[in-house]
Amino acid sequence: MGSTGLFLFLLNAALTDFFITSIYRNKTFTGLYTKWDLFTPRKYEINLIRTLTYRCFRICSTAFLLQSAAEDLKRFLLKTGYPHGIINFNINDVLNKNKNKPVEPLRRGYIRTC
């Protein structure tokens, strides 16, 4: 099927010249992030949502994989007490701000460094 990296799951399709990338989580991943009701500044908690969403946007190579990763992120954040409205607002805001940026797929043998 493919090879498993430390942070990415790469699926090499023999018939195409592109990598298909998605979020990979180790078996030890618990899904716990900073809890919403702790004494952490709200800006840190909001930026956690936004940073993880941007990470999903940059790593996932198809819209379907991005949607799946965003749903997983929502589920993990809801489990740690984040309000549903704040999660949805920030995920949608990050995705809408970045939807017009070109993201070209990686070709085999070529790795983008920026």
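Could you please tell me which pairs satisfy a Cβ distance under 9 Å, a separation of 6+ or placement on different chains, a first residue in region 77-98 that is free of Cβ contacts under 8 Å to residues at least 12 places away in the same chain, and a second residue that is exposed (fewer than 13 other Cβ atoms within 10 Å of the Cβ)?
Close Cβ pairs satisfying both conditions: L78/H84.
Return yes or no: is L77 among the hydrophobic types (A, V, I, L, M, F, W, C), surrounded by 13 or more Cβ atoms within 10 Å (Cβ to Cβ) and within 12 Å of the chain's Cα centre (by Cα)?
no
Output the residues belonging to region 30-64 that are assigned to a loop (DSSP other than H, G, I, E, B), of a type in the set (A, V, I, L, M, F, W, C) and surrounded by 10 or more Cβ atoms within 10 Å (Cβ to Cβ).
W36, L38, C60
Which condition from (1) in a helix (DSSP H, G or I); (2) at pLDDT 90 or above is the one that Y82 breaks?
(1)
The values are calculated or read from the model by the stated rules, or taken from the named source; none is laboratory data. Everything numeric in this text was worked out from a predicted model, so none of it was measured. Note: ideal-geometry Cβ built from the backbone for every residue, glycine included; neighbour counts use all protein chains shown.
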